[in-house]
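Just so it is clear, none of the values below were taken in a lab; they were calculated from the coordinates. What you see is a predicted model; the values in this text were computed from it and never measured. Here the Cβ is made from the backbone with ideal geometry for all residues, glycine too, and neighbour counts use every protein chain on show.
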Amino acid sequence: MSGLEFLLAGTLAASLPLLLAALGEMVVEKTGLLNLGLEGMMAIGAAIAFICVFHTGSHTLGFAAAALISTVVAMFFAILVIGVKANEVAAGLAIGVLGLGLSALFGKSYESRTISGLPKIDIPGLSDIPLIGPTLLTQDIVVWLAVLGSIALWWVLNRTKLGLIIAAVGENADAARSIGYPVVLIRLCAVAFGGAMCGLAGAYASTVYTPLWADGMIAGRGWIALALVVFGTWQTGRVAFGALLFGILSLGELTAQAMGVGLPSQVLSSLPYLVTILMLVVISRRRSGLF
Amino acid sequence: MKFRLIRRDTASRLAMFTAPVLALVFTCVASLVLFAALGKDAGAALYALLLKPFLSWYSFSEVLLKMAPLLLIAQGLAIGFRANVFNIGAEGQFIVGALCASALPVYFPDGDFPLMLPAMIAFGALGGTVYALIAAALRTRFGASEILVTLMMALIAVQILNYLLLGPWKDPRGFNFPQTVMFPDNAMLPILFDGTRTNISLIFSLLASVFAYLMMQHHFRGYQLRTAGLAPRAALYAGFSASRMVWLGLGLGGLAAGIAGASEVAGPLGQLQRSVTSGYGYAAIIVAYVGGLNPLGIIASSFLISVIYIGGDNATVSAGLPVAAVEVFQGLLLFFYLLTFTLIRFRIEFDRKVPA
C-alpha cells in the first residue's frame, strides 16, 4: 500500500475517537460548562469496552458498557459542578485522574491481550471507485454510524428547538431559567451525553482501532479532543473537519513520510496544540474586563 | 423534599478543618470497597498506602523527597487559583524548567561552568516563568483562556522534551536510551540527610510556603489577588489591575514549577530523561485544592499526597496493587474534597411548606 493509500484508509479510523469525544464535549461546552476530564472518561470507557469484548466477543455490548461507565464517571462531574457548584476546572481534573486510574486498575490483568476488531464493510458501488473506493470508503460499521450520528447532531443543534434551548442555556443561563427552561436538566443531560460520547470514543480506540490492551492507550487523545472543540469553534461541521485534520496529524511520522516532509515527528504532534492556541487567540475577542 | 444551597457570609472555620479530614475518610472507605471488589487484600493495600511510608526512615525520607516539588508547585499555583487564574499547565512549566536547567550540564558535561548549580536553578526558574507568561500575554492581550493555553503549552513541552532526548541532547554513549549524559557533581543539589535522596529543594519549598503565606495573608498584593478571586467586580471597582493579577498569578506559578523542574533533574534524576514528565504538575493542582488553596493547608496536603505516592510504590509490592491505585486515590480525594468543601461555602436549607 502506498503512503497516500495508507492515509486515505487510516485517517477516518484515526479521527473517529477524536470526533466522538469532541462532539460530546462540544455539547457540554454549548451549555456553558467545561469538562476537562475527557482523557479519563475515554480511558475508563476503553478499558471497560475491551474487557467486555474480551469476555463476550460482542462489540455492541462493549460499546454499550463503555458508554454507560463513562456516563457514570461524568455524573460525578455533574454532582460536583451542577450539584454543589464546585470549581469546574478542579472537578474536571478530579474525574480525569480518577478515570485514568480506574482504567489502569481494571485493565491491569489484560495487559497486551488482543481481541478481534470489526470487519471493514465493502459497499457495492462505493468500493469500486478507483483509489478512494477500497481505502477511504471501505470502513467498519462504527465509522458509518458516526458519520450519520454527526449529521444528526448537526441537525438537532442547528435545526430544532432543543438546539436553540441548549444555545440559550449556554449563552445566558439566567435568562433561559427565567423563561422556564430547565437549565439544570439540560446541563445534566449534556454532561451525560459528553460522558457517553467519550465512552464510545474510548471503546473505538481499544476494541476497533487498535484491538489490544495497553495501559495509557488513549495517549492524549482526550486533550486533542478538547483542543478540537476550540479549533472547531463549537460548530459540528468544523469540529468534524478538525477531527480529520488532527487524525491525519496523529498518524505522525507516517504522514510526514507520505508528504515527503523532513520535519521531526514531534513538530507534527505539536501542531494540533499550536493551531488550537492560534485559534483561541483569533476567536477570543477582548472583553470589557478580564475577570 | 427540595433543598437549596445558601452561600455563607463567612466560611465556617470548623468546616475548613473537617472538610479535608472527611474527604480523606471517605476516600479511604471508597478505596477499601474498590480494592476489595477487585479481589485485592484491601486492608493490606490501605496499610501499605497510608502507614508503611512512616515505618522506616528511608521511606519517610522518600516522602520528603516527593514532597519538595509538589509543595513548591502547589504554592505557586494556589496563588493564581485564588485570583481565578487557572494555570493547568504547570506540568509544562516544570518540563521547561527542567530543560533549561539541563542545558548547562549538557553543554558543559565536565562541570567547568562557574556557579553551575545556582545558574541551573536560575535558568529553570526563568524558563518556567517565561513559558507561563506566554499564556499571560495571550490572556491579557487577546482574552485567550489561560486554562486551555497552559494545557496546550504543557502538551507541546512534552514534544519538545521528546525531540531533545531523541535528537540533539541524547547521550552519545547512552546505548540509544532517550536521556542526556549524567550530570557532573557540581550540577547536583546537596543532600539534606546522609544516606537518603532528600535534597535541599525541600528547603526551597518551605521558603516558598513562608513567602506565599506572608504575601497572601499579610500583604496588600495578596489581598488584591484574593479579592480578584472572591469578588471580581469589587476588585474592578477598587481599581486593582486585572491584567497585573493574571501576570502575577501565572508568573509565580511558572516560577515555582520551573524551579521544581530544575531541582528534579539536579536532584533524584541526575540527568534529563523522559520520566521527568511524571505528572507532578497535575498532581500539584490536586495538592493545591485539597490544601484549601491555603499556604499552610498546602503543606499538609502535599505531605499527604507524597505519603500516598510512596505508599503506592509499596502497595505494588506488598498488596499486588498496580501503581494506578495512587491515581485512583488522588482522584477520589479531590472528588470528595470538592464535595465536602460545600460545607465551607454553603449551608443547606430545606424548603418548608408555609403553614396555611
With +1 on the Cβ of every Lys and Arg and -1 on the Cβ of every Asp and Glu, the dipole magnitude of the stretch A:3-221 about its Cα centre, in debye rounded to the nearest 20, is 460
Given Cβ charges of +1 for Lys and Arg and -1 for Asp and Glu, the option among B:A262, B:A231, B:G97 whose Cα lies farthest towards the positive end of the dipole of chain B is B:A231
Of the stretch B:35-72, those with amide N under 20 Å from the point 7 Å along the Cα→Cβ vector of B:V21 are B:50-51
Residues whose built amide H sits under 5 Å from the amide H of B:N199, excluding neighbours closer than 5 in sequence, are B:L192
Given Cβ charges of +1 for Lys and Arg and -1 for Asp and Glu, the option among A:S70, B:A37, B:G143 whose Cα lies farthest towards the positive end of the dipole of the protein assembly as shown is B:G143
If every Lys and Arg gets +1 and every Asp and Glu gets -1 at its Cβ, then about the Cα centre chain B yields a dipole, in debye to the nearest 20, of 1640
What helix-only [θ] at 222 nm does the protein assembly as shown give? Using -39500 (n - 2.57) per DSSP H run of at least 4, over all residues, to the nearest 500, the answer is -22500 deg cm²/dmol
Applying the span-like rule to chain B (DSSP H, Cα extent along axis at least 27 Å, Kyte-Doolittle mean at least 0.0) gives B:13-37, B:57-82, B:116-142, B:146-166, B:242-264, B:295-318
Quarter of the surface of the C-alpha convex hull for the protein assembly as shown, i.e. direction-averaged projected area in nm², equals 32.5
Out of A:L278, B:L339, A:Q266 - ranked by how far each Cα lies towards the positive end of the dipole of the protein assembly as shown, with unit charges on the beta-carbon of charged residues - the top one is B:L339
Here the residues of the stretch B:314-350 lying in the modelled label zone of B:A30, meaning backbone nitrogen under 16 Å from a point 7 Å along Cα-to-Cβ, are B:325-343
Between B:I6 and A:A219, the two model label points (7 Å from Cα along the beta-carbon direction) sit apart by a distance in nm of 5.5
The orientation-averaged projected area of the Cα convex hull of the stretch B:1-149, in nm², is 16.6
Full extension between B:R347 and B:M182 adds, at 0.36 nm per residue less the Cα distance, a length in nm of 53.8 nm
If every Lys and Arg gets +1 and every Asp and Glu gets -1 at its Cβ, then about the Cα centre the protein assembly as shown yields a dipole, in debye to the nearest 20, of 2340
In nm², the average projected area of the convex hull spanned by the Cα atoms of the stretch A:3-221 is 13.1
Pseudo-spin-label distance A:V72 to B:L214, built 7 Å along Cα→Cβ, given in nm, is 5.1
Computed over chain A: longest principal axis from alpha-carbon atoms vs helix A:265-283 long axis, angle to nearest 10 degrees, is 30
Whole-Å distance linking the alpha carbon centroid of the stretch B:311-350 with that of the stretch A:87-123 is 20
Here, B:R13 and B:R221, labelled 7 Å along Cα→Cβ, have an inter-label distance in nm of 2.9
